[in-house]
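Just so it is clear, none of the values below were taken in a lab; they were calculated from the coordinates. Everything numeric here is computed off the predicted structure, so don't read it as measured data. Methodologically, a virtual Cβ is constructed for each residue, glycine included, from the backbone with ideal geometry; neighbour enumeration extends over all protein chains shown.
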Amino acid sequence: MFETLTPKPADAILKLIGEHQNDTREEKVDLGVGVFRDRDGNTPILKSVKKAEQWLVDTQTSKSYMGSRGDAVFCDAIQKLIFGDAASSDRITTIQTPGGSGALRVAGELILRAKPGATMWVSTPTWNNHVPLLGQAGIRLREYPYYDTDSNSLHFGEMMDALEHADAGDLLLLHGCCHNPTGMDLSVEQWLLVADLVVRKELIPLIDIAYQGFGKDLDTDAYGVRLLFGSVPEVVVTHSCSKNFGLYRDRVGAVALISPNADIAEVVRSQALSVVRTMYSIPPDHGAAVVSRILADADLRAEWLAELAEMRQRMKDMRSLLVAKLKEVAPDHDFSHIERTSGMFCYLGVSPEQVARLIKDRGIYLVDSSRINVCGITEANVQYLAESIASVL
Ligand SMILES: Cc1ncc(COP(=O)(O)O)c(C=O)c1O
């Protein structure tokens, strides 16, 4: 049977990571990989996480099976993180999933059970796994323009025009905050206009919030989710703890399903649990138990919030530093859009040919679109980085 398969090309980012690793130049810089890194280039385990893990080692008494929903304490805590004061609503059902990817896949399967042949509108560009992941689940995908690479700003008018072509009941995938790959988010005014359109066209929002706390703060980053929750009867929210808790490999996430009323929410929960049962049965426990502990313990929570703020500040500082250096070495070019983006990513705003030269001539690794992870910038490499960018302009 396996002889019928043909090789799949390597993921662009994984390929880039491999090339960066094999590059022997000392001054090489990795702007590709999608994880937080500190000023020394490490992706550390948060101190709050280490303490919660120690607490688990000391107190956990069993590794027996859990239910398909995962840890109820975790689900409640994440629901509160996402919805704030509205979290107690009986319209919401939250289920623990293996990361944000697992949340998206569960959401995709559930959507197709409820609405076979469902259509979902996704931004161009979007996270490079949205299309394969949701498309493989069987959802029909259509694109709406989101980012204009000429002006390095949102294509907001075009986005709204495209969404006029959506049919009632179509799903609309939005990024809650820190849009991946562009880092360019909707403003409050734009969220309000999107909410109006969603109500008028009777669309169903699926909001992927994989970076809550990496933008402005936990509550501000959830603005769009909370707005749409209050505007329409049905919303799907997918959440990830990979970035904000640094639990990438522990696979911690959640899907929150919002129904028109509590009775439908009960049915939705039973169907979502059945989706989980048929896909992976039970989510992994460890990372979710860590998150539960951190969010429940006042001291650990305060420590985590401080660590989250520190990560956020580092990303902001590196953006400002790069823009300031670029202003010095390439005064005729405007890179100010970089400071208008948030989260880990933004587009540098150079062409694929210029990207190729940065890789070949300077050992600076980034994907063709010129998406960079600002965590790859450090005080030590920013001068070299800025001069290299200037050299290819
Ligand atoms: C927009 C977006 N959604 C979801 C995910 C999935 O995250 P996870 O690693 O938790 O599966 C990512 C990861 O990079 C992402 O950028």
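So which lysines pass the test for residue 243, namely a Cα distance under 23 Å, with those fewer than 8 places away in the same chain ruled out?
Answer for residue 243, where 23 Å is the Cα cut-off: 15, 47, 50, 51, 80, 216, 316, listed by chain and number.
Determine which residues of region 75-103 fall in the zone a paramagnetic label at residue 59 would reach in this model, i.e. backbone nitrogen under 18 Å from the point 7 Å along Cα→Cβ.
75-78
Output ³J(HN,Hα) for region 79-92: one whole-Hz value per residue in order, computed from phi by the Karplus curve 6.51 cos²θ - 1.76 cosθ + 1.60 with θ = phi - 60°, and x for Gly and Pro.
Whole-Hz 3J(HN,Hα) from phi for region 79-92: 4, 5, 4, 6, 9, x, 5, 7, 5, 7, 4, 7, 7, 9.
How much length is gained on full extension from residue 317 to residue 282, taking 0.36 nm per residue of separation minus their Cα-Cα distance? Could you put the intermediate results ahead of the total?
On the way: separation 35, 0.36 × 35 = 12.60 nm, distance 4.00 nm.
That works out to 8.6 nm of additional length.
For a Förster distance of 35 Å, can you work out the FRET efficiency between the beta-carbons of residue 354 and residue 298, rounded to the nearest 0.05?
On the way: r = 49 Å, r/R0 = 1.41.
After rounding to 0.05, the efficiency reads 0.10.
Using alpha-carbon pairs under 8 Å, 6+ residues apart, how would you state the relative contact order of the chain in percent?
26
Cα extents of region 65-296 along the three principal axes, largest first, in whole Å?
Cα extents, longest axis first: 51, 35, 32 Å.
Taking N as the number of residues in region 40-108, what is its Cα Rg relative to 2.2 N^0.38 Å? Intermediate results must be reported in sequence, preceding the final value.
On the way: Rg = 15.1 Å, N = 69, 2.2 N^0.38 = 11.0 Å.
Normalised Cα radius of gyration, region 40-108: 1.38.
Quick check on the exposure proxy: order 252, 33 from fewest to most C-beta atoms within 10 angstrom.
Details: 252 33, 33 17.
Starting with the residue having the fewest Cβ neighbours, the order is 33, 252.
Points 7 angstrom from Cα along the Cβ direction at residue 332 and residue 90: gap in nanometres?
Result: 6.8 nm between the two label points.
Using only the alpha carbon atoms of the chain, find the Kirkwood hydrodynamic radius as the inverse mean reciprocal pair distance, in angstroms to one decimal.
On the way: mean 1/r = 0.0456 Å⁻¹.
With all distinct Cα pairs of the chain included, I get 21.9 Å.
Order by neighbour count: 14, 197, 308, fewest other Cβ atoms within 10 Å first, most last.
Working: 14 11, 197 16, 308 21.
By the 10 Å Cβ count, ascending: 14, 197, 308.
Amide H to amide H under 5 Å from residue 121: which residues, 5+ apart in sequence or cross-chain, H placed 1.01 Å off N in plane?
Long-range HN contacts for residue 121: 142, 171, 172, 173.
Could you list which residues have their amide H under 5 Å from that of residue 176, counting only those 5 or more apart in sequence or on another chain, with H placed in the peptide plane?
Sorted by chain and number, the residues that satisfy this are 208, 209, 210.
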